[in-house]
Ligand SMILES: [Zn+2]
């Protein structure tokens, strides 16, 4: 089994939050569905498990957001190289109404506006997220893995 690739985390913020994102600063996040594009060139499954877990030291930018958001699931593009992460973030930001609430989040080592994208109007359910994945042109996504809401 390929254990590397690009992934999209689906996260849901139940209410508006003002959050400090490490050294990046403080940002306002409206309630709703968010997508985060990342990649792991090894130990992809373990990376996704880490994103899912709440008990951990806050290390990456996304950890600060994840601490307040519900984990809805993840879509995986197996075998995609690290550059695919940026392509994915750009495609997500072209969704209707999408915008980047925290410029630079997840994009310390690339020139993207950010890798966490707010997707207004997207419902936090598997059907809506499944359709959204089909609009990401990045090879074939592996079956969405959904975890219990409220994790
Ligand atoms: Zn990027």
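The values are calculated or read from the model by the stated rules, or taken from the named source; none is laboratory data. Model, not experiment: these values are computed from the prediction. Backbone-built Cβ (ideal geometry, glycine too); neighbour counts: all protein chains shown.
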- Of all residues in the range 56-93 being more than 14 Å from the ligand (Cβ to nearest atom) and part of a loop (DSSP other than H, G, I, E, B), which is surrounded by the fewest Cβ atoms within 10 Å (Cβ to Cβ)? 57
- Return only the number of the condition from (1) more than 23 Å from residue 43 (Cα to Cα); (2) not in a loop (DSSP other than H, G, I, E, B) that residue 112 does not satisfy. (2)
- Item | Qualifying residues in the range 47-62 (those that are touching a residue at least 12 places away in the same chain (Cβ under 8 Å) and out of contact with any strand residue (DSSP E or B) (no Cβ under 7 Å at 6 or more places or on another chain)) - the one farthest from residue 128 (Cα to Cα) | 58
- Query: Out of the residues in the range 8-24 that are in contact (Cβ under 8 Å) with a residue 24 or more places away in the chain and farther than 17 Å from residue 119 by Cβ, which is surrounded by the most Cβ atoms within 10 Å (Cβ to Cβ)?
  - Reply: 21
- Message: Among the residues of the range 115-126, are any in a loop (DSSP other than H, G, I, E, B), within 19 Å of residue 21 (Cβ to Cβ), within 16 Å of the ligand (Cβ to nearest atom) and modelled with pLDDT of 95 or more?
- Response: yes
- Could you list, in sequence order, all residues of the range 1-18 that are part of a strand (DSSP E or B) and in contact with a helix residue (DSSP H, G or I) (Cβ under 6 Å, 6 or more places away or on another chain)? 5, 6, 9, 10
- Leading residue by the ranking (nearest to the ligand (Cβ to nearest atom)) among those in the range 99-112 that are out of contact with any strand residue (DSSP E or B) (no Cβ under 8 Å at 6 or more places or on another chain) and within 19 Å of residue 66 (Cα to Cα): 107
- Message: Six or more apart or on different chains, Cβ atoms under 8 Å: show the pairs whose first residue is in the range 85-101 and in contact (Cβ under 8 Å) with a residue 24 or more places away in the chain and whose second is outside any loop (DSSP other than H, G, I, E, B) and away from the ligand (no atom under 14 Å from the Cβ).
- Response: 88/77; 93/99; 95/132; 101/27; 101/28; 101/29; 101/118
